[in-house]
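Heads up: the structure comes next, in structure tokens.
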Amino acid sequence: MAVFKLGTRGSPLALTQAEMVRDALAAAHRRPASDFEIVVIRTTGDKVQDRPLAEIGGKALWTKELDRALLAGEIDASVHSMKDVETLRPDMLAIAAMLPRADVRDRLVGAPSIAAIPQGGVLGTSSPRRAAQIRRLRPDLSVTLFRGNVDTRLARLAQGEADATLLAAAGLDRLRRHDVGTPIPTNILLPAPAQGAVGVEIRADDAHAREMLRAIDHVETHACIAAERALLAALKAGCHSPVAALATIAGGILTLEAELLSEDGAAHVHGAIEGAPLDHALPAALARDLLARAPAAVRRLFEG
């Protein structure tokens, strides 16, 4: 049988996640790991580190080179951090599988708590969501741009460019950096939509790849991420839109919680909805409710 090629970005975290997918596929199909090749593809988002994503093309900077390789048949599937995948994807591609979701929380690095960041201090982040949430909780703080992989950001923090930064717990755990940072509860910092989820994308017409990946798809994670991404689509949220969302399933009921913020965190709106996990009307209904109640400073960021 031909080698199955998994495309990925080249960062340490991206490679670790591709290895997780490879190992899951090998175990599910009882094949040696060597039957699944990891192909590194350098993306524009990895090359340009000194400007916010929203200024240089948005989340497509993480995906367009992988999309090109996938559509050209150079790889059989792409492995993605789902929070980095733009909401609207080409019809020729399909998210075929999700690994079980990891810890969805953010971890604060540099201070033991948000309250402990020095008065008038600096938070390093490239996330409009994190920046707005922190400004809402600590209006005295300023924000400086931190982009790059985990080690790059930690090095900048160590060099004193900021007093604290926020990193995804899932990424730190996957890199075995369990001792880095303090987890912040989701009732204080609601995470980014799809945070902690690894997805695998294929050509939509590739029945063989779809069958291969069905064996490793975590159905509950897939349903939750689909709901969060559908909410983003209904909100017409872009890279500049500070939005947090989290879907969970308990007792057969999906709960979708979300928060929209102004860029400075001064205005926000929060809401939640419950229903059947595959009820596609839920995310759109929550989006309508949030936009109807949102202050003008928030609503203008969600008008496409």
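Can you run phi through the Karplus equation (6.51, -1.76, 1.60; θ = phi - 60°) for the stretch 215-227 and list ³J(HN,Hα) in whole Hz, with x for Gly and Pro?
3J(HN,Hα) across the stretch 215-227, in whole Hz: 5, 10, 6, 8, 4, 5, 4, 4, 5, 5, 5, 4, 5.
Of LEU278, VAL143, SER81, whose Cα points farthest to the positive end of the dipole of the chain (charges on the beta-carbon: +1 Lys, Arg; -1 Asp, Glu; origin at the Cα centre)?
So the residue furthest toward the plus end is VAL143.
Find how many whole Å separate the alpha carbon centroid of the stretch 201-217 from the alpha carbon centroid of the stretch 111-136.
40 Å
For the stretch 162-242, just say rounded, prolate or oblate: build the C-alpha gyration tensor, square-root its eigenvalues into a ≥ b ≥ c, call rounded for a/c under 1.5, and beyond that prolate if a/b exceeds b/c, oblate if not.
Oblate shape, in that a/c is at least 1.5 and b/c is the bigger or equal ratio.
At GLN119 and GLU161, where each label point lies 7 Å from the Cα along Cα→Cβ, what is the point-to-point distance in nanometres?
2.8 nm
Given H placed 1.01 Å from N in the peptide plane, which residues other than close sequence neighbours of GLY7 have an amide H under 5 Å from its amide H?
VAL39, ASP76, ALA77, SER78, VAL79
Could you order peptides 231-239, 172-180 by the average number of other Cβ atoms within 10 Å of their residues, highest first?
Put in order of decreasing packing, that is 231-239, 172-180.
Charges on Cβ only, +1 for Lys and Arg, -1 for Asp and Glu, centred on the Cα centroid of the chain; of GLY121, LEU6, GLY196, which one is farthest towards the dipole's positive end?
Projecting each Cα onto the dipole axis, the largest value belongs to GLY121.
Can you give the log10 of the normalised intensity I(q)/I(0) at q = 0.11 Å⁻¹, computed with Debye over equal Cα scatterers of the stretch 232-302?
Summing over Cα pairs of the stretch 232-302 leads to -0.26.
With charges set only on the Cβ (+1 for Lys and Arg, -1 for Asp and Glu), what does the dipole of the stretch 151-226 come to about its Cα centre, in debye to the nearest 20? Could you put the intermediate results ahead of the total?
Details: 8 positive and 11 negative charges, 27 e Å.
Computed about the Cα centre, the dipole is about 140 debye.
In whole Å, largest first, what are the principal axis extents of the Cα atoms in the chain?
Taking the Cα atoms of the chain, the three principal extents are 60, 46, 36 Å.
What nm value, rounded to one decimal, do you get for the distance between ARG214 and ASP173 when each label is placed 7 Å out toward the C-beta?
The modelled label-to-label distance comes out at 2.9 nm.
Let me have the 222 nm mean residue ellipticity of the chain computed from DSSP H runs of 4+ only, each contributing -39500 (n - 2.57), with the sum over all residues rounded to the nearest 500.
Value at 222 nm, helices only: -10000 deg cm²/dmol.
Quick one: if you stick a label point 7 Å off each Cα along the C-beta vector at ASN187 and ALA250, how many nm between them?
Result for the modelled spin labels: 1.1 nm.
If the only charges are +1 at each Lys and Arg Cβ and -1 at each Asp and Glu Cβ, what is the size of the charge dipole of the chain around the Cα centre, to the nearest 20 debye?
Here the chain has a charge dipole of around 400 debye.
Quick one: check the C-alpha center-to-center distance for the stretch 276-304 versus the stretch 64-97, whole angstrom.
Using only Cα atoms to place each centre, the spacing works out to 26 Å.
Between ALA24, ALA158, ALA226, find the one with the highest GNM mean-square fluctuation for the chain; connect C-alpha pairs within less than 10 Å.
ALA158
Readers should treat all values here as calculations from the given coordinates under stated rules, not as data from a laboratory. Just so we're clear, the structure is a prediction, and the values are computed from it rather than from any experiment. Neighbour counts are summed over all protein chains in view; Cβ atoms, including those assigned to glycine, are modelled from backbone coordinates with ideal geometry.
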